[in-house]
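Have a look at the structure below, then the notes.
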Amino acid sequence: MTRKSICLLFLVLLALPCFAASKYESKITSLEGEKWWGGAVGLGSKMPFEGDLRLFDLSAENLNNQNVPLLLSSEGRYIWSDKPFSFSGREWRVAFVFRL
């Protein structure tokens, strides 16, 4: 291998992590009778969240410019992040994806 090739390979390997989006995913099961609110004012008609809820990505969906990375529960639990996250629900197990 030539010196140029080695340098180019080194630069590509050095830059690769910049393009790889790491994420953290968590699933939280609701307590019996627990209801959830939040995420976006534009989703108000669907609150409290019940049944199946499609994936909402607060970093990509504006929803009337009223997004907040906060979900509140009727049991006093909450999910908050200082950055937007994605969330969805199914038979009220909430799945969250945080991009780090």
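Using DSSP to define loop residues, name the GluC sites (Glu not before Pro) in the range 27-100 whose beta-carbon has at most 13 other beta-carbon atoms within 10 Å.
Qualifying residues, ordered by number: 32, 50, 75, 91.
Backbone amide hydrogens, once placed in the peptide plane, bring residue 40 within less than 5 Å of 68, excluding anything fewer than 5 places away on its chain. What shape does the range 20-65 have by the C-alpha gyration tensor, where a ≥ b ≥ c are the square roots of the eigenvalues, rounded means a/c under 1.5, and otherwise prolate means a/b greater than b/c and oblate the rest? Oblate, because a/c is 1.5 or more while a/b does not exceed b/c. For the range 35-100, the relative contact order works out to 35 percent when only alpha carbon pairs closer than 8 Å and six or more residues apart are counted.
Bear in mind that the values in this text are calculations on the coordinates, not laboratory data. Not measured: the values here are computed from a predicted model. As a convention, Cβ positions derive from the backbone with ideal geometry for all residues, glycine included, and neighbour counts pool all protein chains shown.
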